[in-house]
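Novice: Questions regarding the structure given below will be posed in turn.
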Amino acid sequence: MSRVQRFILLFFVYAALLGAWQYIAYINAGPQSLVAGPWEIAGTIVERASGLWEASVVTLSEALAGLVLAIILGLAVAIVIDAVRLVGPTIYRLSVVVYSIPIIALAPILVLWFGPTFTARALTAMLASFLPIVINVVQGLRAAPFAVSELGKSLAMSRLAILLQLRFRYAMPAFFASLKIAAPSAFIAAMISEWINAERGLGINLLYAMFSFNVDALWANLIVATFWSGLIYVICDAIAKRATPWHSSAQGVS
Amino acid sequence: MSSIEVHDVGLTYSSKQWEFVALSGVSMSVGQGEFATLIGPSGCGKSTLLRIVADLLTPSAGSVDVFGESPREARRNRRFGFVFQDPVLLPWRSALSNVSLPLRVSGRSKQEARNRAQELLTLVGLSGFESNLPATLSGGMARRVAIARALTLDPAVLMLDEPFNGLDEIRRQHLNEELQRVWMESDSTALLVTHDVSEAVFLSDRVYVMAKGPGRIIAEVTIDLPRPRTRDMLLEPNFLKLVKDLSATLSSAYAMEDL
């Protein structure tokens, strides 16, 4: 199929989906309706653009701060797990335990510790997104051929240099793949964290809209949040392809 | 001392429950500039022995001397150039910068490293492929790059661990001729691991035949053929006789369960 044909096909698929959605909203229309059609949602987004943008900036900065912390923590933990055989498995298990704590339970604890602050929300985002980075990077480091370590050793490289300069490069595709999971997770966690400790942001906006039974606003927030979450994914994917052009993931569809 | 001296080397892996003797009582002596080969059945410890000489493994008994240095000193001084079973080229680096890696690692300037790598790529017949990523090289080309990389630092010892594993007969023969050529142009002593009798005879000055259970050297064969050896020699009676004799010795190294 040519590019143009594919584009036309996709256009019709999306148009049909939106049309169906609009139709469902139309037949349910009325003051009690819980479904807002795409047209109404678009109207609400335009109408509330400045408010949604402000809320987006708040939530995105929390998520981004959390993600940066998650990358630092995730890489550090992965490298320690790989390099220090004695404590590696314990740290690995501990990471899984921490990650297994439900975000909705973790967020209040962080609020108790740090108050209803940006820090608490960023840390929630971090804890919700660091483990995919740890697991992928550890796996990626292990996937580097053993002979590469031997090559490094035969060139009198230190263990740390072999890890950082050779093996870590093999783990890069896995690291970037993990970002595609971690980044949207951080965004979602930031929103959840806002439910209990924020006055502004997309998460708290959702809650306000729900309590005031403002269906259009609820859907508008949902769409905007989904857009950002998707955009983060796309950006991470693009970075991954640029950063590891030698890897097969940069050639195929992902 | 101008040789690689392996004296009574043994390597035993053990835990509370079991003990495995990988190598026992191995001694050999390889003179400077010689091409020596370890041949034997799978699991006889020939790769292990190579790694002990290169200080990638530490023996549990015996001693090794590499031109007057311990294996560790020799490794730290980057005396070994290694070609592994797989070419293990770094997939994110071009052919040229794969070859220059050893120089960059040892702190030489980018320019010097580039020039030397260029020279070596030309030597192995790959000029024009400098900027190719490994994924775009054929199996034979990747192995040439691996050989070039191993020669970058003018190593005292060129370590070849089944370097042409998995290539077909014709490519293999071709690369063996290339290997002989580049080795003859270098001052390196070569240590090859293989299980191919004809390859061993073609390349070596001296062949050590190994057996397993435990891994040990059972025979030492001198190959006294003039160099450079050519593919025409493969069918000459004296070459074939050496192949036949070495095959017979090697056959005795195979235990019944291998056959």
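The values are calculated or read from the model by the stated rules, or taken from the named source; none is laboratory data. All figures in this text were calculated on a predicted structure; none of them were measured in a lab. Ideal geometry is used to build each Cβ from the backbone, glycine not excepted, and the neighbour counts take in all protein chains shown. What goes into the accessible areas is simple: the full protein's heavy atoms, side chains included, and nothing from ligands, DNA or RNA. Shrake-Rupley method; radii C 1.70, N 1.55, O 1.52, S 1.80 Å.
Novice: Considering only residues that are part of a helix (DSSP H, G or I) and in contact with a Lys or Arg (Cβ under 9 Å, 6 or more places away or on another chain), which ones fall in segment A:235-251?
Specialist: Restricting attention to segment A:235-251, the residues satisfying the condition of being part of a helix (DSSP H, G or I) are A:235-243, A:248-250.
Once the filter is applied, which keeps residues that are part of a helix (DSSP H, G or I) and in contact with a Lys or Arg (Cβ under 9 Å, 6 or more places away or on another chain), segment A:235-251 yields A:236, A:237, A:240, A:249, A:250.
Novice: Just to verify a result, which residue in segment B:59-70, among those that are in contact (Cβ under 8 Å) with a residue 60 or more places away in the chain and out of contact with any strand residue (DSSP E or B) (no Cβ under 6 Å at 6 or more places or on another chain), is nearest to the other protein chains (Cβ to nearest Cβ)?
Specialist: Filtering segment B:59-70 down to residues in contact (Cβ under 8 Å) with a residue 60 or more places away in the chain leaves B:64-68.
Filter once more, so that each one left must be out of contact with any strand residue (DSSP E or B) (no Cβ under 6 Å at 6 or more places or on another chain): B:67-68.
Working: B:67: 16, B:68: 18 Å.
Checked segment B:59-70; the qualifying residue nearest to the other protein chains (Cβ to nearest Cβ) is B:67.
Novice: Taking into account only those residues within segment B:197-214 that are open to solvent by less than 40 Å² (accessible area, probe 1.4 Å) and out of contact with any helix residue (DSSP H, G or I) (no Cβ under 7 Å at 6 or more places or on another chain), which is nearest to residue B:166 (Cα to Cα)?
Specialist: B:204
Novice: For segment A:213-232: of the residues being of a type in the set (Val, Ile, Thr) and open to solvent by 30 Å² or more (accessible area, probe 1.4 Å), which is nearest to residue A:47 (Cα to Cα)?
Specialist: Here is the first cut: in segment A:213-232, the ones of a type in the set (Val, Ile, Thr) are A:215, A:223-224, A:226, A:232.
Subset that is open to solvent by 30 Å² or more (accessible area, probe 1.4 Å): A:223, A:226, A:232.
Details: A:223: 14, A:226: 18, A:232: 24 Å.
Per the criteria, the residue is A:223.
Novice: Looking for whichever is open to solvent by 40 Å² or more (accessible area, probe 1.4 Å), over 19 Å from the mean Cα position of the chain (by Cα) and among the aromatic types (Phe, Trp, Tyr) here; the options are B:67, B:20. Which one fits? If you could, list the steps in order and put the result at the bottom.
Specialist: On the way: B:67 fails: over 19 Å from the mean Cα position of the chain (by Cα).
Selected residue: B:20, the only one of B:67, B:20 that is open to solvent by 40 Å² or more (accessible area, probe 1.4 Å), over 19 Å from the mean Cα position of the chain (by Cα) and among the aromatic types (Phe, Trp, Tyr).
Novice: Additional query: Listed residues B:177, B:73, B:162, B:112; which is open to solvent by 20 Å² or more (accessible area, probe 1.4 Å), acidic (Asp, Glu), more than 12 Å from chain A (Cβ to nearest Cβ) and out of contact with any Pro (no Cβ under 9 Å at 6 or more places or on another chain)? Quick ask: steps written out before the conclusion?
Specialist: On the way: B:177 fails: out of contact with any Pro (no Cβ under 9 Å at 6 or more places or on another chain); B:73 fails: more than 12 Å from chain A (Cβ to nearest Cβ); B:162 fails: more than 12 Å from chain A (Cβ to nearest Cβ).
After ruling out the rest, the residue left standing is B:112.
Novice: I would also like to ask the following. Please verify whether residue A:86 is under 20 Å from residue A:170 (Cα atoms) and not small (Gly, Ala, Ser), treating the condition exactly as stated. Before you say what the answer is, go through the steps one by one.
Specialist: Working: under 20 Å from residue A:170 (Cα atoms): no; not small (Gly, Ala, Ser): yes.
Considered against the rule, which asks whether it is under 20 Å from residue A:170 (Cα atoms) and not small (Gly, Ala, Ser), residue A:86 comes out as no.
Novice: Then there is this: If residue A:146 passes every condition in (1) open to solvent by 30 Å² or more (accessible area, probe 1.4 Å); (2) under 28 Å from residue A:65 (Cα atoms); (3) within 14 Å of chain B (Cβ to nearest Cβ) but one, which one does it miss?
Specialist: The failed condition is (2).
Novice: Sticking with this structure for a sec: Given the criteria surrounded by fewer than 15 Cβ atoms within 10 Å (Cβ to Cβ), of a type in the set (Gly, Ala, Ser) and within 14 Å of chain A (Cβ to nearest Cβ), does residue B:135 qualify? Before you say what the answer is, go through the steps one by one.
Specialist: Working: surrounded by fewer than 15 Cβ atoms within 10 Å (Cβ to Cβ): yes; of a type in the set (Gly, Ala, Ser): yes; within 14 Å of chain A (Cβ to nearest Cβ): yes.
For residue B:135, the condition - surrounded by fewer than 15 Cβ atoms within 10 Å (Cβ to Cβ), of a type in the set (Gly, Ala, Ser) and within 14 Å of chain A (Cβ to nearest Cβ) - is met.
Novice: Further, regarding this structure: If we keep just the residues of segment B:76-88 that are closer than 20 Å to residue A:144 by Cα and either among the polar types (S, T, N, Q) or open to solvent by less than 20 Å² (accessible area, probe 1.4 Å) (or both), which is farthest from the other protein chains (Cβ to nearest Cβ)? Let's see the steps before the verdict.
Specialist: Just the residues of segment B:76-88 that are closer than 20 Å to residue A:144 by Cα, to begin with: B:82-88.
Checking the rest, the ones that are also either among the polar types (S, T, N, Q) or open to solvent by less than 20 Å² (accessible area, probe 1.4 Å) (or both) come to B:82-85, B:88.
Details: B:82: 5, B:83: 10, B:84: 4, B:85: 7, B:88: 4 Å.
Selected residue: B:83.
Novice: Would you say residue B:96 is more than 25 Å from residue A:171 (Cα to Cα) and either small (Gly, Ala, Ser) or more than 10 Å from chain A (Cβ to nearest Cβ) (or both)?
Specialist: no
Novice: May I pose another question? Within segment A:198-221, identify whether any single residue is within 13 Å of chain B (Cβ to nearest Cβ), in a helix (DSSP H, G or I) and farther than 30 Å from residue B:106 by Cα, and answer yes or no.
Specialist: Within segment A:198-221, the first condition is being within 13 Å of chain B (Cβ to nearest Cβ), and the residues that meet it are none.
Checking segment A:198-221: not a single residue is within 13 Å of chain B (Cβ to nearest Cβ), in a helix (DSSP H, G or I) and farther than 30 Å from residue B:106 by Cα.
Novice: While we're here: For segment A:1-53, enumerate the residues that are within 24 Å of residue A:191 (Cβ to Cβ), hydroxyl-bearing (Ser, Thr, Tyr) and free of Cβ contacts under 8 Å to residues at least 60 places away in the same chain.
Specialist: Across segment A:1-53, the qualifying residue is only A:50.
Novice: Return the residues of segment A:177-212 that are over 26 Å from residue A:113 (Cβ atoms) and open to solvent by less than 20 Å² (accessible area, probe 1.4 Å); say none if nothing qualifies.
Specialist: Listed by number, the residues that qualify are A:178, A:179, A:209.
Novice: Which of the residues spanning segment B:12-58 are of a type in the set (Asp, Glu), away from chain A (no Cβ under 14 Å) and farther than 18 Å from residue B:199 by Cβ? Let's see the steps before the verdict.
Specialist: Step one: filter segment B:12-58 for residues of a type in the set (Asp, Glu), giving B:19, B:34, B:55.
Those still in the list that are away from chain A (no Cβ under 14 Å) too: B:19, B:34.
The answer is B:19, and nothing else.
Novice: Something else: Just give me the residues in segment A:181-218 being modelled with pLDDT of 90 or more and touching a Pro at 6+ places or on another chain (Cβ under 9 Å), in sequence order.
Specialist: A:181, A:182, A:185
Novice: Go through (1) farther than 30 Å from residue A:161 by Cβ; (2) modelled with pLDDT under 95; (3) not basic (Lys, Arg) and name the single condition residue A:94 misses.
Specialist: With (1) farther than 30 Å from residue A:161 by Cβ; (2) modelled with pLDDT under 95; (3) not basic (Lys, Arg) applied to residue A:94, the lone miss is (1).
Novice: Tell me yes or no: at least one residue of segment A:66-78 is part of a helix (DSSP H, G or I) and within 23 Å of residue A:209 (Cα to Cα).
Specialist: Within segment A:66-78, the subset part of a helix (DSSP H, G or I) is A:66-78.
Those still in the list that are within 23 Å of residue A:209 (Cα to Cα) too: none.
The answer is no; no qualifying residue exists.
Novice: If you scan segment A:30-52, which residues turn out to be open to solvent by 70 Å² or more (accessible area, probe 1.4 Å) and touching a helix residue (DSSP H, G or I) at 6+ places or on another chain (Cβ under 9 Å)?
Specialist: At the first step, the residues of segment A:30-52 found to be open to solvent by 70 Å² or more (accessible area, probe 1.4 Å) are A:31-32, A:34, A:39-40, A:46-48, A:50.
Scanning segment A:30-52 gives A:34, A:39, A:40, A:47, A:48.
Novice: If you don't mind, there's one more thing I want to ask. Scan segment A:156-171 for residues that are of a type in the set (A, V, I, L, M), open to solvent by 10 Å² or more (accessible area, probe 1.4 Å) and at the interface with chain B (Cβ under 9 Å from one of its Cβ atoms) and jot them down.
Specialist: A:156, A:157, A:161
Novice: Read through the list (1) over 23 Å from residue A:221 (Cα atoms); (2) modelled with pLDDT under 90; (3) open to solvent by less than 50 Å² (accessible area, probe 1.4 Å), then give the number of the only condition that residue A:84 fails.
Specialist: The failed condition is (3).
Novice: Let me ask something else. Within segment B:100-107, is there a residue that is open to solvent by less than 50 Å² (accessible area, probe 1.4 Å) and charged (D, E, K, R)?
Specialist: As a first pass, look at segment B:100-107 and keep what is open to solvent by less than 50 Å² (accessible area, probe 1.4 Å): B:100-103, B:105-106.
If we keep only those that are charged (D, E, K, R) as well, we get none.
For segment B:100-107, residues open to solvent by less than 50 Å² (accessible area, probe 1.4 Å) and charged (D, E, K, R): absent.
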